[in-house]
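Since the structure comes first, as structure tokens, the remarks are kept for the end.
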Amino acid sequence: MKYLPLKIWFIVTMTVTLVAVVIRAAWQIIVIPTAGTMSIFIPLILGLLGLNALIIYFTINPSLKKLKSPPVLIAVITVLMASLIGGIIHFNHYICSPEAEPLASKVIATMLFLGSTSSYFLVIWVIRSTLKSRKNKHEQG
């Protein structure tokens, strides 16, 4: 994506969308300032802001070499971990709440939980494999 207006358009679209979700999450903290709410939405907000920063960074300066660098991989893992922690806490609170009365809502919540957990471990496996293959190349050459 070398066309600058297209890059700007993509960045603005992603930023507006993610900021709307961050504002909604912050609003939830303000409306219901409990420890449970904060433990769900603070990691979610941090994850979304981190995701937006990564999207902007790699849209402006895309580089697979930088994507494979340890600091970026650690940042990706941190963003994913914060999001997953918020998701797990939210899942636990939701399943036990009276709002999850219909069985279908519990099934959907469980499927989303399993999908996000699986994708987290998939990303960790890919990152680990990337770092391991890089280490093997450095040892051989």
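Values in this text are rule-based calculations from the coordinates and carry no lab data. Please read all numbers here as calculations on a predicted model, not as lab measurements. Backbone-built Cβ (ideal geometry, glycine too); neighbour counts: all protein chains shown.
Report, to one decimal in Å, the Kirkwood hydrodynamic radius for the chain based on all distinct Cα pairs.
17.3 Å
Quick one: 3J(HN,Hα) in Hz for the stretch 67-83, Karplus 6.51/-1.76/1.60 with θ = phi - 60°, rounded, Gly and Pro as x.
3J(HN,Hα) across the stretch 67-83, in whole Hz: 5, 8, 6, x, x, 5, 5, 5, 5, 4, 4, 5, 4, 5, 5, 4, 5.
Between S97 and R24, what's the calculated FRET efficiency when r is the beta-carbon distance and R0 is 25 Å? Round to 0.05.
For R0 = 25 Å, the calculated efficiency reads 0.85.
Could you work out the helix-only [θ] at 222 nm for the chain, with each DSSP H run of four or more residues adding -39,500 (n - 2.57) and the total divided by the number of residues, to the nearest 500 deg cm²/dmol?
Calculated at 222 nm, the ellipticity per residue is -31000 deg cm²/dmol.
Sorted by packing (mean other beta-carbon atoms within 10 Å per residue), highest first, where do 63-75, 88-100 land?
Averaged packing, sorted descending, gives the order 88-100, 63-75.
For helix 4-31, what angle does its Cα long axis make with the longest principal axis of the chain, in degrees from 0 to 90 and rounded to 10?
On a 0 to 90 degree scale, this one is about 30.
Give me the count of lysine pairs in the chain whose alpha carbons sit under 20 angstrom apart, restricted to pairs 8 or more positions apart or on different chains.
Value for the chain: 13.
Size of the stretch 1-83 along its principal axes in angstrom, Cα-based, largest extent first?
45, 30, 9
Place +1 on the Cβ of every Lys and Arg and -1 on the Cβ of every Asp and Glu in the chain, take the dipole about the Cα centre, and give the residue among A53, S83, I127 whose Cα lies farthest towards its positive end.
Comparing the listed Cα positions along the dipole, I127 ranks first.
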